[in-house]
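Here the structure comes first, spelled out in structure tokens, and everything after it is commentary.
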Amino acid sequence: MEASIQISAVLTTYNSGALLEEALDSVLAQTRRPDEILVIDDGSTDDTAERIKRFGDQIRYHWQENHGTSQVRNLASRMVRFPWIAFLDADDLWLPERLEVQEAWIRDHPDCEAVFGQMRNFAHPGMESQYDVRTHHLDKWLPGWCPSTMLIRREILIRNGGFDEGMRNAEMVEWFIRIREAGVKLQMIDVPLARRRLHGENKGLQSKGQKTDLRLLRDFIARKRAAAKV
């Protein structure tokens with residue numbers, strides 16, 4: 001059993017000032033507070049920097065020119081001070097027990113290198129009519145293979161090359177396939193951990209991103225089948 005772990009919470013944002021405030025509130029409401037909170041702003045031109053002043057020294061804030069989500073997450077793996085990273089996209093929210101639940105899991109399963117949990121979609125207030133309850137899974141918890149439920153050892157991100165900075169869509173799917181093929185020990189737990197906001201700008205719901213996801217998954221399945229025949 002691992003005695004204790006230290007966790008860096010990392011929030012990535014781009015022109016999402018109002019949503020980022022909500023996200024940070026959900027981090028600060030954790031029953032097990034993170035050991036540090038790092039916000040990386042990927043070149044926002046809105047009022048993000050002004051909005052987060054109310055959090056004072058509870059967070060570290062880093063602004064940079066826009067480089068894309070993959071570069072930001074890779075930068076985070078170099079900037080954090082602690083060995084475990086819990087990501088949160090600026091438009092998503094953590095449930096209060098998110099870190100407490102995952103820390104307990106890691107303590108009981110010290111060989112685990114990354115743990116994920118359940119996520120539920122919700123429509124941004126005022127946009128409810130744009131999303132169908134069943135089509136967009138607003139009525140159920142689903143496995144959240146995504147950054148906002150992921151708690152991962154920092155060394156895994158560094159050792160496996162991080163996220164592909166040349167990709168602007170489906171970078172999470174590509175990375176996930178790559179670490180699975182590398183034998184990284186992952187676990188999905190059947191516990192609700194986060195809520196994903198649907199608001200019209202979600203990259204994963206846009207047609208280009210979905211097509212790239214499907215192509216990567218088809219290639220992964222084809223490789224697995226070919227390897228099984230050898």
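The values are calculated or read from the model by the stated rules, or taken from the named source; none is laboratory data. Everything quoted here is computed from the prediction, not taken from an experiment. Here Cβ is always computed from backbone atoms with ideal geometry, including for glycine, and neighbour counts include all displayed protein chains.
Summary table
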| quantity | calculated |
| --- | --- |
| Which numbered condition Ala90 misses (of (1) over 23 Å from Pro192 (Cβ atoms); (2) surrounded by 20 or more Cβ atoms within 10 Å (Cβ to Cβ); (3) of a type in the set (A, V, I, L, M, F, W, C)) | (1) |
| Search result, residues across region 90-120 that are more than 11 Å from the chain's Cα centre (by Cα), part of a loop (DSSP other than H, G, I, E, B) and acidic (Asp, Glu) | Glu97, Asp111, Glu113 |
| Top-ranked residue of region 149-201 - restricted to ones that are farther than 19 Å from Val115 by Cα and aliphatic (A, V, I, L, M), ranked as modelled with the highest pLDDT | Leu198 |
| Single residue of region 1-29 satisfying the filter (closer than 22 Å to Arg154 by Cα and in a loop (DSSP other than H, G, I, E, B)) that is modelled with the lowest pLDDT | Met1 |
| Unmet criterion (only one of (1) over 24 Å from Ala123 (Cα atoms); (2) assigned to a strand (DSSP E or B)) for Phe87 | (1) |
| Residue match in region 49-62 (condition: at pLDDT below 95 and either of a type in the set (Asp, Glu) or in a loop (DSSP other than H, G, I, E, B) (or both)) | no |
| Residue match in region 73-83 (condition: under 21 Å from Pro125 (Cβ atoms) and not small (Gly, Ala, Ser)) | no |
| Unmet criterion (only one of (1) closer than 21 Å to Gly144 by Cα; (2) outside any loop (DSSP other than H, G, I, E, B)) for Arg32 | (2) |
| Looking only at region 63-89, and only at residues there that are among the polar types (S, T, N, Q) and touching a strand residue (DSSP E or B) at 6+ places or on another chain (Cβ under 9 Å), the one that is modelled with the lowest pLDDT | Thr69 |
| Residue match in region 31-40 (condition: in contact with a strand residue (DSSP E or B) (Cβ under 9 Å, 6 or more places away or on another chain), on the phi < 0 side of the Ramachandran plot and hydroxyl-bearing (Ser, Thr, Tyr)) | no |
| Region 158-168 - residue that is over 13 Å from the mean Cα position of the chain (by Cα) and under 14 Å from Val72 (Cα atoms) and, of those, surrounded by the fewest Cβ atoms within 10 Å (Cβ to Cβ) | Gly166 |
| Single match in Ala86, Ala18 (criterion: over 16 Å from the mean Cα position of the chain (by Cα) and among the small types (Gly, Ala, Ser)) | Ala18 |
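Rundown of residues vs (1) closer than 16 Å to Asp91 by Cα; (2) without any contact (Cβ under 8 Å) to a residue 40 or more places away in the chain; (3) small (Gly, Ala, Ser), yes/no style:
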| residue | (1), (2), (3) |
| --- | --- |
| Thr13 | yes, no, no |
| Glu22 | yes, no, no |
| Asp25 | yes, yes, no |
| Leu28 | yes, yes, no |
| Arg32 | no, no, no |
| Asp46 | yes, yes, no |
| Glu50 | no, yes, no |
| Lys53 | no, yes, no |
| Arg78 | no, no, no |
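Residue-wise test of (1) within 25 Å of Gly117 (Cα to Cα); (2) touching a Ser or Thr at 6+ places or on another chain (Cβ under 9 Å).
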site	(1), (2)
Glu36	yes, yes
Gly43	no, no
Thr48	no, yes
Arg51	no, no
Arg54	no, no
Ile59	yes, no
Trp63	no, yes
Asn74	yes, no
Pro83	yes, yes
